[in-house]
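Peer 1: Please read through the structure below; I'll follow up with questions.
The values are calculated or read from the model by the stated rules, or taken from the named source; none is laboratory data. Keep in mind the model is a prediction, meaning the values are calculated, not measured. So basically every Cβ, Gly included, is an ideal-geometry build from the backbone, and we count neighbours across all protein chains shown. For the accessible areas, the whole protein counts, side chains as well, though only heavy atoms, and no ligand, DNA or RNA atoms are used. Shrake-Rupley method; radii C 1.70, N 1.55, O 1.52, S 1.80 Å.
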Amino acid sequence: MELLHWLVDAFSSQWVLPGGQTLLVREVVGNAFGLASALGGMRRKVWAWPIGIIGNLLLLTVFLASILDPAHSLPALLGQAGRQIMFIAVAIYGWVRWRRATENGGQLTPRWASNGERVGLVVVLVVGTVALTPVFRALGSWEPVWADAWTFVGSLLATYGMAKGYTEFWLIWIAVDVVGVPLLFSSGYYATGFMYVFYGVFTAIGFVVWCRAQANAKPQIETILPDPTVHRTDAAD
């Protein structure tokens, strides 16, 4: 029981920042899992997907904190919360898709999206933002609501692009960060805001890494564990 109480307290604990702002510990932990997932994605590791799902679940409770706990001081960001759910759904798709790469020798190579696919991504981003803005506003999301809708739709498309192996998915993340960082800081979610700043630099690096790997036609997704017998054979020789 003591362990259970400790876990509950740790889950709900928060740090008080200068100016009276509060920072949920699980917001930091959730973003740490998100960072680990992003690193795995850049290195084309299948484990990036389940690690990301754990972070999404933690951040879902963060952005709904004012709904789950009326005493919580920060506002609910419904777009940010909703995108965690969509992340989980798309991550499951990406996880399955990357695992199926075993049918292709255990590897998956990224590619540029076709012109039609690029147009589709842009249209969905714009139309989705316009369509969801009044919905999020009616539900009481934080202003500017269009920015919340933009980050929601853009994050969904970026995760989908990663699952499909589009190299452009990194660029979509940059577009999300440009809008998402000011929104998060203005609403008091500093840990996630600072993480988005780091993501902006990280995604630029990831884009270069994927471009180089694609140009060199190198396999991208490692899904087969090394055979330990190979090392034993080498040692015996």
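Peer 1: Is it true that residue 32 is aliphatic (A, V, I, L, M), at pLDDT 80 or above and crowded, with 22+ Cβ neighbours inside 10 Å?
Peer 2: no
Peer 1: Is it fair to say residue 21 is touching a Ser or Thr at 6+ places or on another chain (Cβ under 7 Å), at pLDDT below 85 and either loosely packed, with under 13 Cβ neighbours inside 10 Å or more than 19 Å from residue 200 (Cβ to Cβ) (or both)? Steps first, please.
Peer 2: Numbers: touching a Ser or Thr at 6+ places or on another chain (Cβ under 7 Å): no; at pLDDT below 85: yes; either loosely packed, with under 13 Cβ neighbours inside 10 Å or more than 19 Å from residue 200 (Cβ to Cβ) (or both): yes.
For residue 21, the condition - touching a Ser or Thr at 6+ places or on another chain (Cβ under 7 Å), at pLDDT below 85 and either loosely packed, with under 13 Cβ neighbours inside 10 Å or more than 19 Å from residue 200 (Cβ to Cβ) (or both) - is not met.
Peer 1: Looking only at helices (runs of 4 or more DSSP H) that lie completely in the stretch 79-193, which have at least 2 residues being within 16 Å of the chain's Cα centre (by Cα) and surrounded by 16 or more Cβ atoms within 10 Å (Cβ to Cβ)?
Peer 2: On the way: elements: 115-138, 145-164, 169-187.
Fully inside the stretch 79-193 and qualifying: 145-164, 169-187.
Peer 1: Which residue pairs have Cβ atoms closer than 9 Å, lie 6 or more positions apart in sequence or on different chains, and pair a first residue in the stretch 194-209 that is more than 24 Å from residue 27 (Cα to Cα) with a second residue that is among the polar types (S, T, N, Q) and at pLDDT 85 or above?
Peer 2: Cβ pairs passing all conditions: 207/167.
Peer 1: Read through the list (1) open to solvent by 10 Å² or more (accessible area, probe 1.4 Å); (2) closer than 28 Å to residue 215 by Cα; (3) modelled with pLDDT under 85, then give the number of the only condition that residue 73 fails.
Peer 2: (2)
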